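Note sheet for the following structure.
The values are calculated or read from the model by the stated rules, or taken from the named source; none is laboratory data. Since this is a predicted model, take the numbers as computed values, not measurements. Quick reminder, even Gly has a Cβ in these numbers, built from the backbone with ideal geometry, and neighbours come from all protein chains shown. All accessible areas refer to the heavy atoms of the entire protein, side chains included, with ligands and DNA or RNA removed. Shrake-Rupley method; radii C 1.70, N 1.55, O 1.52, S 1.80 Å.
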Amino acid sequence: RLSYDAYTHMLFADHYANDWFSLWNTRWYTGFEVISYPPLIHQLIALFVPVIGFDAAYAFILWLVTTLYPLGIYAFSRVFAGKTASSYAALASAVLLPIYVTAHIFGQLPFLAATLLALFGAAALARFLREGGLHNFILAVSLTATTMSAHHATLLVQPFLIFALTIHQIN
(Lines give C-alpha, C1' and ligand atoms only; values in the text may rest on other atoms or scores of the structure.)
Protein backbone atom coordinates (compact mmCIF):
# COMPACT_ATOMS: atom_id res chain seq x y z
CA ARG A 1 0.00 0.00 0.00
CA LEU A 2 2.86 2.39 0.71
CA SER A 3 4.77 1.61 -2.47
CA TYR A 4 5.53 4.14 -5.18
CA ASP A 5 2.77 3.37 -7.70
CA ALA A 6 0.22 1.45 -5.61
CA TYR A 7 -2.08 4.39 -4.95
CA THR A 8 -2.46 5.07 -8.66
CA HIS A 9 -3.63 1.52 -9.22
CA MET A 10 -5.84 1.72 -6.14
CA LEU A 11 -7.48 4.83 -7.57
CA PHE A 12 -8.33 2.97 -10.75
CA ALA A 13 -9.58 -0.05 -8.81
CA ASP A 14 -11.67 2.18 -6.57
CA HIS A 15 -13.22 3.77 -9.63
CA TYR A 16 -14.30 0.37 -10.98
CA ALA A 17 -15.56 -0.67 -7.54
CA ASN A 18 -17.77 2.44 -7.31
CA ASP A 19 -18.92 2.83 -10.93
CA TRP A 20 -17.96 -0.13 -13.09
CA PHE A 21 -19.44 1.15 -16.35
CA SER A 22 -18.36 4.79 -16.18
CA LEU A 23 -15.31 5.54 -18.29
CA TRP A 24 -14.69 8.98 -16.78
CA ASN A 25 -13.18 9.65 -13.37
CA THR A 26 -13.47 13.21 -12.03
CA ARG A 27 -11.42 12.74 -8.85
CA TRP A 28 -8.00 13.34 -10.39
CA TYR A 29 -7.15 16.75 -11.83
CA THR A 30 -10.08 17.77 -14.05
CA GLY A 31 -10.98 14.21 -14.90
CA PHE A 32 -9.65 11.55 -17.21
CA GLU A 33 -10.74 8.43 -19.05
CA VAL A 34 -10.04 5.34 -16.97
CA ILE A 35 -9.60 3.30 -20.13
CA SER A 36 -6.30 5.11 -20.65
CA TYR A 37 -4.72 2.29 -18.61
CA PRO A 38 -5.34 -1.42 -19.27
CA PRO A 39 -8.11 -2.37 -16.82
CA LEU A 40 -7.75 -6.08 -16.00
CA ILE A 41 -5.95 -5.90 -12.64
CA HIS A 42 -7.95 -2.89 -11.48
CA GLN A 43 -11.18 -4.70 -12.32
CA LEU A 44 -10.03 -7.87 -10.55
CA ILE A 45 -9.36 -5.84 -7.42
CA ALA A 46 -12.76 -4.16 -7.77
CA LEU A 47 -14.49 -7.56 -7.98
CA PHE A 48 -13.22 -8.52 -4.53
CA VAL A 49 -13.84 -5.14 -2.84
CA PRO A 50 -17.48 -5.90 -1.85
CA VAL A 51 -16.49 -9.26 -0.39
CA ILE A 52 -13.27 -8.57 1.54
CA GLY A 53 -12.78 -4.79 1.46
CA PHE A 54 -10.50 -2.57 -0.54
CA ASP A 55 -7.12 -3.10 1.16
CA ALA A 56 -7.61 -6.85 1.40
CA ALA A 57 -8.69 -7.06 -2.25
CA TYR A 58 -5.52 -5.29 -3.38
CA ALA A 59 -3.41 -7.48 -1.09
CA PHE A 60 -5.16 -10.65 -2.30
CA ILE A 61 -4.48 -9.94 -5.99
CA LEU A 62 -0.88 -9.02 -5.15
CA TRP A 63 -0.49 -12.24 -3.15
CA LEU A 64 -2.03 -14.29 -5.97
CA VAL A 65 0.31 -12.85 -8.59
CA THR A 66 3.46 -13.20 -6.51
CA THR A 67 2.49 -16.72 -5.43
CA LEU A 68 1.96 -17.86 -9.03
CA TYR A 69 5.26 -16.39 -10.23
CA PRO A 70 7.42 -19.48 -9.52
CA LEU A 71 4.96 -21.60 -11.50
CA GLY A 72 5.15 -19.14 -14.42
CA ILE A 73 8.96 -19.16 -14.27
CA TYR A 74 8.92 -22.95 -14.21
CA ALA A 75 6.54 -23.21 -17.18
CA PHE A 76 8.59 -20.75 -19.22
CA SER A 77 12.00 -22.18 -18.35
CA ARG A 78 10.80 -25.70 -19.22
CA VAL A 79 10.75 -24.54 -22.84
CA PHE A 80 14.52 -24.08 -22.77
CA ALA A 81 15.75 -26.33 -19.94
CA GLY A 82 15.02 -29.60 -18.18
CA LYS A 83 12.95 -30.21 -15.07
CA THR A 84 15.83 -29.81 -12.62
CA ALA A 85 17.08 -26.50 -14.01
CA SER A 86 13.50 -25.21 -14.27
CA SER A 87 12.86 -26.18 -10.66
CA TYR A 88 15.94 -24.22 -9.58
CA ALA A 89 14.77 -21.23 -11.60
CA ALA A 90 11.34 -21.39 -9.95
CA LEU A 91 12.93 -21.68 -6.52
CA ALA A 92 15.21 -18.73 -7.25
CA SER A 93 12.24 -16.62 -8.32
CA ALA A 94 10.56 -17.36 -5.01
CA VAL A 95 13.63 -16.55 -2.93
CA LEU A 96 15.35 -13.72 -4.80
CA LEU A 97 14.16 -10.14 -4.45
CA PRO A 98 13.25 -8.65 -7.88
CA ILE A 99 9.60 -9.70 -7.85
CA TYR A 100 9.06 -8.47 -4.31
CA VAL A 101 10.93 -5.22 -4.92
CA THR A 102 8.78 -4.60 -7.99
CA ALA A 103 5.64 -5.32 -5.97
CA HIS A 104 6.36 -3.80 -2.58
CA ILE A 105 8.65 -0.87 -3.39
CA PHE A 106 7.53 0.16 -6.87
CA GLY A 107 3.91 -1.03 -6.61
CA GLN A 108 3.84 -2.39 -10.16
CA LEU A 109 1.10 -4.98 -9.69
CA PRO A 110 -0.29 -4.70 -13.26
CA PHE A 111 3.20 -5.09 -14.71
CA LEU A 112 3.86 -8.17 -12.60
CA ALA A 113 0.53 -9.71 -13.56
CA ALA A 114 1.07 -9.01 -17.26
CA THR A 115 4.58 -10.47 -17.14
CA LEU A 116 3.22 -13.56 -15.40
CA LEU A 117 0.56 -13.93 -18.10
CA ALA A 118 3.24 -13.45 -20.77
CA LEU A 119 5.33 -16.25 -19.25
CA PHE A 120 2.36 -18.62 -19.27
CA GLY A 121 1.43 -17.46 -22.77
CA ALA A 122 4.95 -18.11 -24.03
CA ALA A 123 4.90 -21.61 -22.53
CA ALA A 124 1.52 -22.25 -24.18
CA LEU A 125 2.85 -20.97 -27.52
CA ALA A 126 5.87 -23.27 -27.25
CA ARG A 127 3.57 -26.19 -26.56
CA PHE A 128 1.45 -25.28 -29.60
CA LEU A 129 4.53 -25.01 -31.81
CA ARG A 130 5.79 -28.35 -30.52
CA GLU A 131 2.56 -30.39 -30.41
CA GLY A 132 -0.03 -28.43 -32.40
CA GLY A 133 -3.65 -28.72 -31.43
CA LEU A 134 -6.50 -26.24 -31.46
CA HIS A 135 -6.74 -26.08 -27.65
CA ASN A 136 -3.03 -25.18 -27.37
CA PHE A 137 -3.48 -22.48 -30.01
CA ILE A 138 -6.53 -21.02 -28.26
CA LEU A 139 -4.72 -21.05 -24.91
CA ALA A 140 -1.65 -19.29 -26.35
CA VAL A 141 -3.73 -16.63 -28.10
CA SER A 142 -5.97 -16.12 -25.05
CA LEU A 143 -3.06 -15.66 -22.65
CA THR A 144 -1.31 -13.30 -25.05
CA ALA A 145 -4.47 -11.23 -25.47
CA THR A 146 -5.06 -11.19 -21.72
CA THR A 147 -1.53 -9.88 -21.25
CA MET A 148 -2.58 -6.88 -23.32
CA SER A 149 -5.41 -6.11 -20.92
CA ALA A 150 -3.15 -6.19 -17.86
CA HIS A 151 -0.33 -3.77 -18.74
CA HIS A 152 0.79 -1.83 -21.79
CA ALA A 153 4.59 -1.94 -21.29
CA THR A 154 4.71 -5.73 -21.43
CA LEU A 155 3.67 -5.49 -25.07
CA LEU A 156 7.04 -3.94 -25.86
CA VAL A 157 8.84 -7.10 -24.77
CA GLN A 158 6.35 -9.77 -25.77
CA PRO A 159 7.15 -9.79 -29.53
CA PHE A 160 10.80 -10.54 -28.73
CA LEU A 161 9.72 -13.31 -26.39
CA ILE A 162 7.53 -14.84 -29.09
CA PHE A 163 10.34 -14.49 -31.65
CA ALA A 164 12.84 -16.23 -29.35
CA LEU A 165 10.41 -19.09 -28.71
CA THR A 166 9.71 -19.52 -32.40
CA ILE A 167 13.41 -19.62 -33.26
CA HIS A 168 14.04 -22.11 -30.43
CA GLN A 169 11.22 -24.38 -31.61
CA ILE A 170 12.40 -24.29 -35.24
CA ASN A 171 15.94 -25.34 -34.28
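Things to note:
- You can think of it this way: the chain between V95 and H152 has 17.8 nm of extra reach, that is 0.36 nm per residue less the Cα-Cα gap.
- Loop-resident sites, region 52-117, for chymotrypsin sites (Phe, Trp or Tyr not before Pro), counting at most 14 other Cβ within 10 Å (DSSP): F106
- For V141, V95, the ranking by accessible surface with the largest value first comes to V95, V141, using a 1.4 Å probe.
- Inter-label distance, nm, simple model (7 Å from Cα along the C-beta direction), S142/E33: 2.9 nm
- One way to sum up the overall shape of the chain is the equivalent ellipsoid from its Cα gyration tensor, whose semi-axes run 31, 19, 13 Å, largest first.
- Residues E131 and D5, FRET efficiency given R0 of 41 Å [Cβ-Cβ distance, rounded to 0.05]: 0.55
- Surface per residue (accessible, 1.4 Å probe) for the chain, Å²: 56 Å²
- Along region 54-61 the Karplus relation, 6.51 cos²θ - 1.76 cosθ + 1.60 evaluated at θ = phi - 60°, assigns HN-Hα couplings of 5, 4, 5, 5, 4, 5, 5, 5 Hz to successive residues, with x for each Gly and Pro.
- Taking packing as the residue-averaged number of other Cβ atoms within 10 angstrom, the listed peptides 9-18, 145-154, 113-122 run from highest to lowest as 113-122, 9-18, 145-154.
- Stretch in the chain that is longest and holds no trypsin sites (Lys or Arg not before Pro) that DSSP places in a loop and that have at most 16 other beta carbons within 10 Å: 28-171
- Whole-angstrom gap from region 33-74 to region 113-128, using each part's C-alpha centre: 18 Å
- Measuring nothing but protein heavy atoms, the accessible surface of region 1-151 at 1.4 Å probe radius is 70 percent carbon and sulfur.
- On Cα atoms only, tilt of 109-131 relative to the major axis of the chain in degrees: 30 degrees
- Applied to region 142-154, the Karplus parametrisation 6.51 cos²θ - 1.76 cosθ + 1.60 on θ = phi - 60° returns per-residue 3J(HN,Hα) values of 5, 5, 5, 5, 5, 4, 5, 8, 9, 7, 7, 5, 5 Hz, with x for Gly and Pro.
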